[in-house]
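First the structure, in the form of C-alpha cells, and then the observations on it.
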Amino acid sequence: MHSTSRFMTAALVAMLGSSLAGTSALAAEMSFKTPVIDGVGQIRSQPAQDLTYQPDVDKDYKAVFNLTRAASEPDQISHGLQQVARAVNLYAEANVPLERLDFVVVISGKATPIVLDNEHYRAKFGVDNPNLPVIEQLSKVGVDVAVCSQALAILGYPDSGVDEHVRLALSALTTVIELQQEGYALVPL
C-alpha cells in the first residue's frame, strides 16, 4: 500500500469514528422514551413551545390502524404494532388523556400470525410470539386489537389460536370501511 493510500485510509477511519461519536451524543441528547407502552414505540421529548403542530388535549382522536405486513423475522415485533405504540406514546407525551384516544388495530394479510397465542405461534415459527406483550399493553390502555377472521381461515389458523387480548372481526375490509364511515382516520401500516 502506498503511503498516500495509508494516509487517506487513516483519515477516513478518523472521520468515520468522529461522525459515529457525534451520532451517539446526539441520540443521548434527544432522550428517547416510552411513556405508556413500555419498551416499544420510542419517542423523543420535544418542548411544546418548539412545535408548530401538536395534538389538542381537549379533542377526541379516532383512528383505525390497518396492519397488513409481517416483521422480517418471526422473533421481531411487528413494525405496525410499534407504530401504534408510538402513536399512543406521542399522544400521551402531548398530555392528551388516554380516554380521548379511540384507536382500533385491524390485523390481516401477512400480519395475521402476530395475533396467535404462544402455543400456535411457536408451532408455526419455533419461537414465542414477541408481539403478545405489546398487544396486551395496548389492550390495557384501551386500544381495540382485532384480526380479520377471513385471513385466519385463508391462512389455516384456528380461531381458538388467537390470543385472548384480540377480538375477531368479520373481515379487515368491512371493519375498515365501517370505522371510516364513523369518522376514524385510516392509518395503513
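The values are calculated or read from the model by the stated rules, or taken from the named source; none is laboratory data. For clarity, every value in this text was computed on a predicted model and none was experimentally measured. With ligands, DNA and RNA removed, areas are computed over all heavy atoms of the protein, side chains included. Shrake-Rupley method; radii C 1.70, N 1.55, O 1.52, S 1.80 Å.
For region 113-175, what is the per residue volume of the convex hull drawn over the alpha-carbon atoms, in cubic angstrom?
72 Å³
Would you list, by chain and number, the aspartates and glutamates whose Cα falls below 20 Å from the Cα of Lys140, excluding same-chain residues fewer than 8 positions away?
Asp38, Asp60, Glu93, Glu99, Asp102, Asp117, Asp163, Glu164
Ignoring ligands, DNA and RNA, please state the percent of accessible area on region 118-159 from carbon and sulfur, probe 1.4 Å.
Answer for region 118-159: carbon and sulfur cover 52 percent of the accessible area.
Given a cut-off of under 8 Å on Cα pairs at least six residues apart, what relative contact order in percent is computed for region 76-189?
Dividing the mean separation by the residue count of region 76-189 yields 28 percent.
Skip the ligands, DNA and RNA, and give the accessible area per residue of region 78-189 with a 1.4 Å probe, whole Å².
Values: 5400 Å² over 112 residues.
Per-residue accessible area for region 78-189 comes out at 48 Å².
Kirkwood hydrodynamic radius (Cα pairs, Å) of region 94-146?
Hydrodynamic radius (Kirkwood, Cα pairs) of region 94-146 is 12.4 Å.
Report the Cα centroid-to-centroid distance between region 139-189 and region 58-90 in angstrom, as an integer.
Cα centroid to Cα centroid, the span is 13 Å.
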